[in-house]
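Values quoted throughout were computed directly from the atomic coordinates according to the rules given, and no laboratory measurement underlies them. None of the values given here were measured: they were computed from a predicted structure. In this analysis, Cβ positions are derived from the backbone assuming ideal geometry, glycine residues included, and neighbour counts consider all displayed protein chains.
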Amino acid sequence: MTSPSSGGLSALIVDESPPRYPLDAAFEPFDLAQIPPLGLHELTPTDQTNAAVKSPANHGKRATLWSAAYWLHAWSDLKSVALCRKSCIMDQANLGITHDGRASISGLKTCKSVWACPTCSLQVWNARKELLHQHLEAADDQGLSVSLTTLTMRHSLKHSLKALWKALQPAWNAVNSDRLISDLRTDAQHVGFIKRLEVTYSFKFGWHVHLHVLDFWQKPLTDKFVKEYEEAMFAPYERKLVRSGLPALKPGVAVVMQKLELGSAAESIASYLTALATEKVALELSSSVGAKQARMGNITPFGILDLAMADLSHLPLWHEWEHGSKGKKALQYSQSLLDYLKVKEVDDEELNEVEERNRSSLIIFDNPTWRYAVENLDIDELLTVTEDAFKSAPTETALMDRLWLAQMRASNYLASHGLLNGWKALDLEIYAFLC
Ligand SMILES: [Zn+2]
């Protein structure tokens, strides 16, 4: 393993050992001479892409996510996270590009960790946001009222993440089994709830585990009811936390409830619940922002990751987070709400990556070769040169020729980095325009 002091991420990515060539009978060695000339663009392994070509807007974010993935391969304490995207599901990884010029690798085994893997977290939350938006619109169509309650705890540096998390569940259960809460729910015809668990950290006050709860009601909510319900929640919630050894809470601060207007706000509420800490992943992973947030107070778990990537003295904190969060549900629907909306609860593991439409496959790798590529090449750079080649062609260039350019450039990149077999360039097809 690369030593922590030998130069950060680039040291983790570049391996000085001589290339080894994975051999697989199913994969013929790739011969660059087989690619017919296009007459558009002379490409060589040292080809400089057109300086005027802009990389896609998501390039910076992707580079950051791959940096984090490389770091986690080396330093994560969770096996699934340390292996995320290092091997293929069906023994093949596929480099492809969408017809608007976004290159990606599909067919990879992923960890689906919403808490500890920034790349998977983004994918899971994006899929969750879509689902949640649909459910909120369905609730609005049914004329339901909705409220948002935030429940927090008092804590200090002496409280471990595990202890705080352990105290939260019985406190939440106490709210749900409380007699007064039950009466109020009957009065306003409570339908059910969606619960979002969130955690931040501060170097001054420690872990901050809290809940955001969306409650759905058949009756319209009055201000008086909201006040009454908020107070009713506070009592059993606080009692249970204190019994778990946590400090007493301040009324009106620890439990805060507000009415929401669904309707046109459904999308922003969905974003609020799913993106509080996750959509800004790339931002949080940029050192300057992470460090600034750390100075200012609360940081998100991916802010901790960012700090640990820059300075391994934060590694134990990141590992505490990995172990503490493992297996916890970030977003949960009550059964009564699922029944009412006639939908099924979907686990994070079931949320698949959204299939990119209008995408053509360029290159497939066998499993050992993909593994070698992840460990020895810069995958973001491979994707970027592929995209840049696609976009470097003059505007009137036919799509098929752009695909050839992208494929040739990607092939050259692999060959020029010593990877000569275990992968092959595919016959190009423009799937989207055939049907
Ligand atoms: Zn992952």
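Each label was represented as a point 7 Å from its Cα along the Cα-to-Cβ direction; for K227 and E375 these points are 6.6 nm apart. Database remark: amide H of H190 closer than 5 angstrom to the amide H of Q218 (H placed geometrically; neighbours at sequence offset of 5 or more, or on other chains; Pro and chain starts carry no H).
A compact globular protein would have a Cα radius of gyration near 2.2 N^0.38 Å; the ratio found for region 149-265 is 1.09.
Projected label points at A235 and S156, each 7 Å from Cα along the beta carbon direction, are separated by 3.0 nanometres. Between I430 and E130, the simple spin-label model (points 7 angstrom out along Cα→Cβ) gives 2.6 nm.
Just list whichever of K112/K227; K129/K158; K79/K195 have alpha carbons separated by over 30 Å in the model shown. Over 30 Å Cα-Cα: K112/K227; K129/K158. Taking 56 Å as R0, compute the FRET efficiency from the Cβ-Cβ separation of A398 and E345 and round it to 0.05. Calculated value: 0.75. Can you give me the C-alpha center-to-center distance between region 101-154 and region 175-249, rounded to a whole angstrom? Between the Cα centres of region 101-154 and region 175-249 lies a distance of 22 Å.
Summary of packing: across the peptides 67-80, 235-248, the per-residue average of other C-beta atoms within 10 Å ranks them, highest first, as 67-80, 235-248. By the beta-carbon count within 10 Å of each Cβ, the least crowded to most crowded order of L157, L337, L312, fewest first, is L157, L312, L337. Scalar couplings 3J(HN,Hα) for region 370-378, obtained by applying the Karplus form with A = 6.51, B = -1.76, C = 1.60 to θ = phi - 60°, are 4, 4, 4, 4, 4, 7, 10, 10, 9 Hz; x denotes Gly and Pro.
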